[in-house]
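Everything on this sheet refers to the single structure shown next.
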Amino acid sequence: MKEKSLKQQSTARIFIRNLLRNPSAVIGLTIISLMILGAIFAVQISGADPDYMDPISGRLGPSLDHLMGTDQLGRDMLSRVLSGGKQSIYIGVLASFLANLIGTVLGATAGYLGGKIDSVVMRVSELVMTFPQLILVLIFVSLLGQGINNVIIVFALTGWMTTFRLVRGEFFSLREESFVEADRAFGFSKPRIIFRHILPNTMSPIVVAFTINIAIFIIAEAGLSFLGLGVPVTTPTWGNLLTAAQNPVVIDEYWWLWVFPAMSIAVFVLGVNFVGDGLRDVLDPRHKSLIAKSKWKVALVGRLGRKK
Amino acid sequence: MRKFTKSLGALGLAAALAVSVLAVPSQAATNNSITVAEVTAGGGGVQTIFSPWINSGSISHHAMFRALFKADANLTSVKPDLASGYKYSKDGKTLTVTLKSGIKWSDGKDLTVDDVVWSMNSLLRVAKSNAIYVNAFKQIVGSEAVNGTNTTTMSGITTKGNDITISLKAPVNTLIPVLAQFMILPKHVLANEDILKLDTNNYWKNPVVLGPYKVGTFSQGNFITLVPNDKYEGSKPIIKEINIIVSSNLVADAKSGKLDYFTTNDPDTIRAMSSVSTFKSAPLDVLFYRYLVINPTGPFSNVKAREALKYAIDWNKLVPAIYGQQGKVINSGVASGMSFHDSSIPKYKYDKAKAAALLKEANFDFSKTIRLRTYNQSQPAVMLILTAVAQQLTEIGMKVEFLPWTGDATTELWTNRNYELALKGLSAFNVGEWFAEYSNPATFEKLLGAQPKYAALNSQLIQSTTLRDTGKILTDLQKLEQQDLYKLPMHFLKQVVFISKNISGTPTKWGNPLYVYQNNIASWSAN
Amino acid sequence: MSNTRTPLYKVGQIKKHFPVLGGVLRRTKGYVKALDGVDLEVFRGETISVIGESGCGKTTLGRMLALLDKPTGGELSFDFGQGLQDVTSLRGADQMRFRKKVQMIFQDPYTSFNPRQRVGAAMDEVLRVHGVKDEAERSARILEACEMVNIRPEYLQRYPHEFSGGQRQRLAIARCLATKPELIIADEIVSALDVSIQAQIVNLLLKIQKETGLSFIFVTHDVAVARYVGHRVAVMYLGNVVEILPADSLPEAAEHPYTIALLSAVPSMNPTAKDQRVALQGEVPSPIDMPKGCAFSTRCPSVMDICRTERPVLKISNISKGDHQVACHLNKGAK
Amino acid sequence: MVSFLIRRVAILVPMAFTISALIFFASRLSPIDPINAMVPPDMASDSANLEQLREELGLNDNIILQYFHWLKNIATGDFGYSLQSGEKISDILALRMPATLELVLSALILSTLLALTLGLFAGAKKGGVADKLSRVLGVIGIAIPDFFIGLALLNVFAFRVEWLPTGNRVAPGQVTLWDRLPNLILPVSTLTIAMLAVLIRYTRNSVLDTLNRDFVKTARSKGVPEWRVLYSHVFRNSLGPVMVLLAFRLPLLVGGSILVETVFQWPGIGTTIIAAVTASDYPVIMVVSMIIAMVILVASFLVDIIKSILDPRVRLGGGN
C-alpha cells in the first residue's frame, strides 16, 4: 500500500516537473496566477473598492491616483478591472467544466455504444456546431433570461461539442482494444467499462479541451455582455466593463474605459492558451492539432480532423 | 497603411458587387439641401415615416403633415391651419370648426371635410395610437360605437358645408391643443386599406400629404429625401431637399458636416457636442418624466418603506453627475418650481439614517432580493444611473438585482409584474398625463387595483375650464399621490435641439421636439 | 473421450450473419456469413484447437462462444453442473454465472490490460466484480494464479507497459485463472509473440491444463501449434467446421480435401519426407455470395456434382469412426 | 453517386421539419403576449381593436394549427410581422440581408484569399516571414475578441486620424457601391482579421500535410520547379479540405457578424437579431433561426458532396 502511494506520487511529480519545464506552460501559469491573485486582492492592490462611487470625479483619465482612470460614476477602473477577473474567470472555468462534463458523458456514451444513439447525438452536435454560436447563445438567453448562472448554463449547452467529438473519437478507437473486450468477457457493467476503464485513457484531450474552453467562454462572456445580454451590469466582469464602449463618445474620448478591460481579456486568454499548449505537449504529443479544432467560433474544423 | 486598407476594401467590394441588390440612383448633393437625423440606429426596425397618430413631432411630420390648427412652441395656444377658425357653444359641449377651402393634397385632390371626419373616426379604429387623441376623442358623443370591428362613424361628428360640428359628452379643456397635434390623413387614399394595421401600411413609404414637403426618394432603412410639395398653397419652401437619415454617430456626423439638425437627450452626445463650434444648441424644458414604478405588493407594501426609498438615494448628486444640465431632480409630478406645485411636499434630501429608520418602522424584509428593472435598449446613461441606484440601495442593506428586461416592457410591467422597482419614462403632453396614469385600467390599475379617487379627480381635471379649478384639482391629486407614493419620481430630462449655424430662418423659440408646433420649416434656408 | 459423455459446452448450428446495406433506402442487400452453422462440443478437461485460414470465422466463433457477440441463430448451451443449459438468452446475474465459468484471452497482449491500471488492481477488480468479497481470498487467488504462470508477486504493482509481451500474456492467463473458470477460450494468443516466447506460453498452457484439468478452446492459424496443444482439432473453412479429429491422428487420418490441403502447406520437419504439397485451384468465394452446396466446392480437387448443389453436414467418419467427424460428400454412408 | 445524393437529401427533409418544430415550440415558451408587445396597453385605441388584431394574426388558433400555418406561410414567403416595429419580416430581411451579405461575403472572400496565400507560403517555408506573420495573426485571432479589434480600428481610423467613417452603410449621395466603399473598409477589415486566424492555420496544416505526400516528393525529385510544385501540386491538393471548411462557414453569411455589426452600427441581420433578442421579438428570431438552420443544412449537404468528390469512399461508406 505504501509503495502504491509512492508510485502515484511520482507520476504526479513527473507530470508537474514536465509541465514546469515547458516554457509556454510556465508563462501561461504565471499570467493566470498573477491575474487570479489580482482579482482576489483587487481592493488591496488598487486601494479602492470597485463599487465605491464618487460621481463628482467621474471619467478621469489615468493618473497616479487612479492608474486606469475612473468610470462615469467615479469608480476606480484599476480596482474594477482587477476584480472583474473574478466573475469572468469563474464563468469561464465553471462553464468549461460543465461543457466538458456534458461533452464527455455524451461522447463516452455515443462513442462506446455507437449505433442509433451515436448518430442522433452526432447530428445534434453537427447542428449545434454549425449554428453561429452567438445566435444560439442569444436564443437561449432570450428563453432563460440573464444572470451569471444562466450565462454559465447557456455556454455549457452550446459549447460541449468539441469535447464530445474528441471523447467520442477516442472511444471509437479504444472500444476496439482488447482490454475492453476483456472487460466485457469478464462481465463488467457498461458504466464501469465506459467510465472507470476507457474514460481515464481519454483524459489528456479532455484536459486540454477544458483549458481552451475556458479561454473561449471568457471571450464569449465579453461578447455577450458587450451586447448587454450577459451578466447583470451591477456585477463587474470584463465583458460588463466593455459595455461602456457601446457608446461612440466613449470609444472616442474615454479610451481607458474599454482598452484596459479588453487588454485583460486578451492577456488572460493568451495565458490560458499557453497553458493549453503546454499541457498538450506534456500530456500527449499526439494531439498537436487540437488548437485548431477547438476554436469555438469555428469549431466545425473539428469535424474535419476526425478520423473516419 | 491607408493605401493598403483601401485596396483590401476594394477587393472585398468587387466581390460584394455580385450580391448587392441595391439599385438606387446616385444623388448629387445640392447646395440648398439639409440633412436631418431622426432616429439613431441600432434598432431592428426599418427606417420609415412613422404614423403621426402614434407620435408626432419629427421633422418629417413637421414638413409633410398638417392639422386643423397649429400650436405655438408652448403647445397651448393655437393658430388656424387647415381650419379657418372654431367656435365653442356656451356649455363648452359643442365645437364647430370651419375648414378652409382651396387646400389640395399632394396628389392634386381637394381637401374636404370628409377627410377630417374620416380621420377622427379612424383613430379609434387603429390598433395603436397616442393616448392623448384617444382620451380626447372618447369624449365625443357616439365614440363607444367605433372600434376595429364595429361602426365606423361617431354620431357626435356632423358636417354642413365646410363646418364640422363635434358634440362632446362633457367639456374637454384640451380638445383644441389635441386637435392641433392631430394630423389629417387622406380618406381617398386610405379608406379601403386595413385601418387596424394602418401604422404598417405601405402608404407611409410615399404618403399623400398636405404640408410644404413630400417624399422624393424613399430608400428603405437608409434614408428618406423630402422635396417641396408643389400643391402646397403657402409660400414655397426655400430648402429644396431635406435628407432624413439614421446616424450611428451624431457627434462625428455633425462635426464632419454630414448632419445639419438633430435632437437628443443623451448626456454623452450633448457633452461631446459642446466642442462642435459649427452648431448651436437649444436646450428645452419638456415634460419628460423619468421615475421608478414601485410594486406595492412585495417588500414595499408598506408606504413607509416606499417613503424610505426617497431618502435612500442621493438624486441631487447622481442626476447632475450623469445628466449634467440635462437632468432636473423632481420630487412630484408637479415638480417644485412649476405652477400649482404643492409646497407641502418634502424635498427628500439624501438621508441614509432616515431611510434606515423608515425601513425599520415598516418592518422591511431585507432578506428578499429587490428586483430593479428597466426597459430594454436602454441608453448607457440609464444603465449607469440605475447601477448607481442599485449600489446605494445595497449600501442601506438591501439585496438588489438590476437587469434590463429582455422582452416587452409593458407585458413585464403590467402583466408579469416580476419586479419591485422598474424604470419608466413618460413624455407627457401636459401634467395631467402624469396623474391620468394612476387610473388607467390597462396599466397602473393592473398593478394597484382600481383607483376610483384618481379616476374622479382626473375626469374633473379634463373638464375643468378655469385655471383656479385646475389648480385646486392638481393640489388634490398631489396630496393623494403623497399618501400612496406609488411612483418614485427621479428627474425631468431636457431635450436639446442641435442645428447647424448654416441654417437660418429657424424659430426663435423651439418647442418640444416630440410634438408638432409652428417651427416655420418652410422658411428655413441653408447657406 | 467418448461421445456418450455430456459436453461442457455445446455449440449447435451457430450462425453469424452481418447484413450488407445498399441502395437509396439502405436496405439489407445480403449477408456476410461469418459463421454458417457451426457444430462443436467441448468436453471437460479437453483442449480443442480451432484452425483455419484468416477470415474463416474462427475468431468470430471464439467471440461468440465468450458471448461477446450475439449469434444470428443456433444454440449455445453450457453445463453449469445440472446438465446443458441455453446461454444465449442469459441476462444479468445469470449471464455473470456463465462469465465466471468461461474466460477469454485475446490475441494482442499489448492492449489487453487497461494502460492506466496496475495489473494487480486489474486482477483484483475482476474478482471483486465476480463477487469475491473477502480481500484476503482475492489476494490468495491472485497470488496462486501468478505462481502458476511464473509471475513474481511484486510485479503486480506495475503498469502494463512495464512488461514484455510474453509477460503480459502470462498475466492475462493469470487474470483468467484467478477467477477459477471451467473453460478458457484462447484467441490466437501466441501469434503476436516471438517464436521462442510462443513455445513458453504453449508449454505453460499445457502445464496448466494438466494441473487444473480446465477445458480450452485454442484458436490458431498455426497447424503445428494446434496439434501440439489440442486433444482434438477442428478445421474451419468459410464459416463452417469441415472436420474434427483427434490431434494425434493428424496428418494421416485427415479426410476432408481442405484439411489435407491445409496440412500439406505446412513445411514438414522431417527432411526425408517428400513435399506432397496439394496446390488448391480456383477462387475463394466471396462470403456474401457463397456457393449453394459445399463451401469448398469451388476449389476442391475431388469435387463431385452433388457438392455443388447440396451442403454436406458434419458426420462421424466412416473410416476412423469414434472421435473423427467430417463434413464431406466423400464420407459416404456416414450417420 | 446519385443514390448517395438522394439519400442525403432525404435526411435533410425530416431534419428541416424537426428544426422548424423545435424553433416554433421553443419560441412559444416565451412569456410575451405578442399583441401586448405590438401595442403597449397605454397606446391601445380600444381593447376591441386588440382582440380584432389577435384574431387577424391567427393567435386564437390551436397551437398545432398555428405551427402548420406558420410553416405554410414561410414556404410561401410570408414571414409574418415583427412585434417590435410591426413591419413585415420579409421587408426587414429584404433590407438587412444584402447589408450582411455584402459585409460577410467580402470578408469571407478576402480572408480566404489572404489565408490561402499566407497559409501556402507559411507551410512552404516554415519559420519564414509568412509563417511568422500567420502565427501573429493566429494569436490575435484567438486571444483578442473580434469586437475589440473593431473598436480599436474605429478609434484609430475613424476618430483619431478621421480617414474613415464611424459607421452606417448607405447615406444620401452614397448609394452606389463605389461611393459606399469607405463605409465598408473598417467592418470588412475587422471581420477579415477575425476570420483569418483559423483559416491560415488550417491552410498551413493542409499544405504541410500535402508536402509530405509522395507525389510532391516525386515531383521535386523529377526536378519540377519549386513554384510549380507549390502551385500545381501542393496548392491544388490542399484546396480540398479548405473548401470543406469554407462550406461549413456558409451559415456565417447570415449570422456571423453580430458583434462587428453592432460596433459599426451596420444595418444588417446581426443588429436585427440583437434588437429582436433584446425585445423578445420572437417572430423575427424564429424566421432568422429558421433561415440559418436551412443554410446549415445546405452547407452540410455541400460539405458531403465536396467530401465525396475528394474521397469516393465516403459515398460508399456513408452511414457510419
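Average projection, convex hull of the Cα set of the stretch B:287-493: 11.0 square nanometres. For B:Asn416 and B:Thr394, FRET efficiency with R0 = 30 Å and r from the beta-carbon atoms, rounded to 0.05? E between B:Thr394 and B:Asn416, to the nearest 0.05, is 0.75. Which whole DSSP H helices in chain B pass both tests: a Cα extent of 20 Å or more along the axis and a mean Kyte-Doolittle value no lower than 0.0? Helices meeting the span and hydropathy rule in chain B are B:2-17, B:380-395.
Under conditions of 4 °C and 1.567 mPa s, the stretch C:144-206 yields 107 µm² s⁻¹ as its translational diffusion coefficient, taking Rh as the Kirkwood radius over Cα pairs in the Stokes-Einstein equation. In the frame of its principal axes, the stretch A:36-79 has Cα extents of 30, 18, 13 Å, reported largest first. For the stretch A:219-280, the Stokes-Einstein estimate of translational diffusion at 25 °C and a viscosity of 0.890 mPa s comes to 200 µm²/s, using the Kirkwood hydrodynamic radius over alpha-carbon pairs. Of the trypsin sites (Lys or Arg not before Pro) in the stretch B:46-136, the ones in a loop by DSSP (not H, G, I, E or B) with at most 13 other beta carbons within 10 Å are B:Lys90. When nucleic acids and ligands are ignored and a 1.4 Å probe is applied, D:Met97 ends up with an accessible area of around 50 Å². Amide H of C:Met236: which non-local residues (sequence gap of 5 or more, or other chain) have their own amide H closer than 5 Å, using H built in the peptide plane? Result for C:Met236 returns C:Ile51, C:Gly52, C:Val242.
Convex hull volume of the Cα atoms in the stretch D:32-116, per residue, in Å³?
Values: hull volume 12.5 nm³, N = 85.
Taking only Cα atoms, the stretch D:32-116 has a hull volume of 147 Å³ per residue.
Around the amide H of C:Lys16, modelled in the peptide plane, lie the amide H atoms of C:Ala34, C:Leu35, C:Asp36, C:Gly37, C:Thr72, all under 5 Å away and 5 or more residues distant in sequence or on another chain.
Among D:76-88, A:39-51, what's the highest-first ranking by average C-beta atoms within 10 angstrom per residue?
D:76-88, A:39-51
A full extension of the chain between C:Arg27 and C:Tyr155 corresponds to an added length of 40.8 nm, given 0.36 nm per residue minus the alpha carbon distance. With both labels modelled 7 Å from their Cα along Cα-to-Cβ, the B:Asn192 to A:Leu64 distance reads 8.1 nm. Each label point was placed 7 Å from the Cα along the Cα-to-Cβ direction; for C:Lys210 and C:Val195 their separation is 2.4 nm.
Using only Cα atoms, find the angle between the long axis of helix A:23-40 and the longest principal axis of chain A, and express it within 0 to 90 degrees, rounded to the nearest 10. Helix A:23-40 sits roughly 50 degrees off the main axis of chain A. Ordered from largest to smallest accessible area (heavy atoms of protein chains, 1.4 Å probe), the residues A:Phe155, D:Phe148, D:Phe121 come out as D:Phe121, D:Phe148, A:Phe155. Relative to one another, the C-alpha centroids of the stretch B:56-118 and the stretch A:228-278 are positioned 54 Å apart. Quick note on chain D: its Rg to Rh ratio, both from C-alpha atoms and Rh being the Kirkwood radius, is 1.06.
Against the longest alpha carbon principal axis of chain A, how many degrees, from 0 to 90 and to the nearest 10, is the axis of helix A:2-21 turned? Between helix and principal axis, roughly 50 degrees. Counting only the Cα atoms, chain C fills a convex hull of 162 Å³ per residue. Across the stretch D:25-34, rounded Karplus estimates of 3J(HN,Hα) from the backbone phi angles (6.51 cos²θ - 1.76 cosθ + 1.60, θ = phi - 60°) give 6, 5, 5, 6, 6, 5, x, 7, 8, x Hz, Gly and Pro being marked x.
Taking every alpha-carbon pair within the stretch A:53-120, the share separated by more than 15 Å comes to 67 percent. The Stokes-Einstein estimate for the protein assembly as shown, based on a Kirkwood radius over Cα pairs and taken at 20 °C with 1.002 mPa s viscosity, is a diffusion coefficient of 56 µm²/s. Rounded to the nearest 10 square angstrom, C:Glu188 shows an accessible area of 20 square angstrom against a 1.4 Å probe.
Rounded to the nearest 10 square angstrom, D:Ile306 shows an accessible area of 40 square angstrom against a 1.4 Å probe.
Here is the P(r) of the stretch C:189-238: all C-alpha pair distances, binned every 5 Å from 0, give 4, 19, 31, 26, 14, 5, 1, 0 in whole percents.
With no solvent and one equal point scatterer per Cα, compute the Debye intensity ratio I(q)/I(0) for the stretch B:383-469 at 0.18, 0.26 Å⁻¹ and report its log10, rounded to two decimals. Those come out to -0.92, -1.26, one per q.
3J(HN,Hα) along the stretch D:209-221: 4, 5, 4, 7, 6, 5, 5, 5, 4, 4, 4, 5, 5 Hz, from the Karplus curve 6.51 cos²θ - 1.76 cosθ + 1.60 with θ = phi - 60°, whole Hz, x for Gly and Pro. Using the Cβ of D:Val234 as centre and a radius below 11 Å, the other residues enclosed give a net charge of +2, where K and R count +1 and D and E count -1. The alpha-carbon atoms of the stretch D:161-208, seen along their principal axes, cover 49, 24, 13 angstrom, with the largest extent given first. Largest first, the three principal axis extents of the alpha carbons in chain A are 76, 48, 29 Å in whole numbers.
Decide, for chain B, between rounded, prolate and oblate: order the square roots of the alpha carbon gyration tensor eigenvalues as a ≥ b ≥ c, take rounded if a/c falls under 1.5, and otherwise choose prolate if a/b is larger than b/c, else oblate. Oblate shape, in that a/c is at least 1.5 and b/c is the bigger or equal ratio. Distance between the pseudo-spin-label points of B:Asp114 and A:Thr30 (7 Å out from Cα toward the beta carbon): 8.7 nm. Coupling constants for the stretch B:344-350 follow from the phi torsions by the Karplus curve (6.51 cos²θ - 1.76 cosθ + 1.60, θ = phi - 60°), and in residue order they are 7, 6, x, 7, 6, 6, 4 Hz; glycine and proline get x. If every alpha-carbon in the stretch B:69-190 counts as one equal scatterer, what log10 I(q)/I(0) does Debye give at q = 0.17 1/Å? Result of the Debye calculation: -0.88.
The values are calculated or read from the model by the stated rules, or taken from the named source; none is laboratory data. Worth saying up front: this structure is predicted, and the values here are computed from it rather than measured. Backbone-built Cβ (ideal geometry, glycine too); neighbour counts: all protein chains shown. Remember, those area values only see protein heavy atoms, side chains included, never the ligands or the DNA or RNA. Shrake-Rupley method; radii C 1.70, N 1.55, O 1.52, S 1.80 Å.
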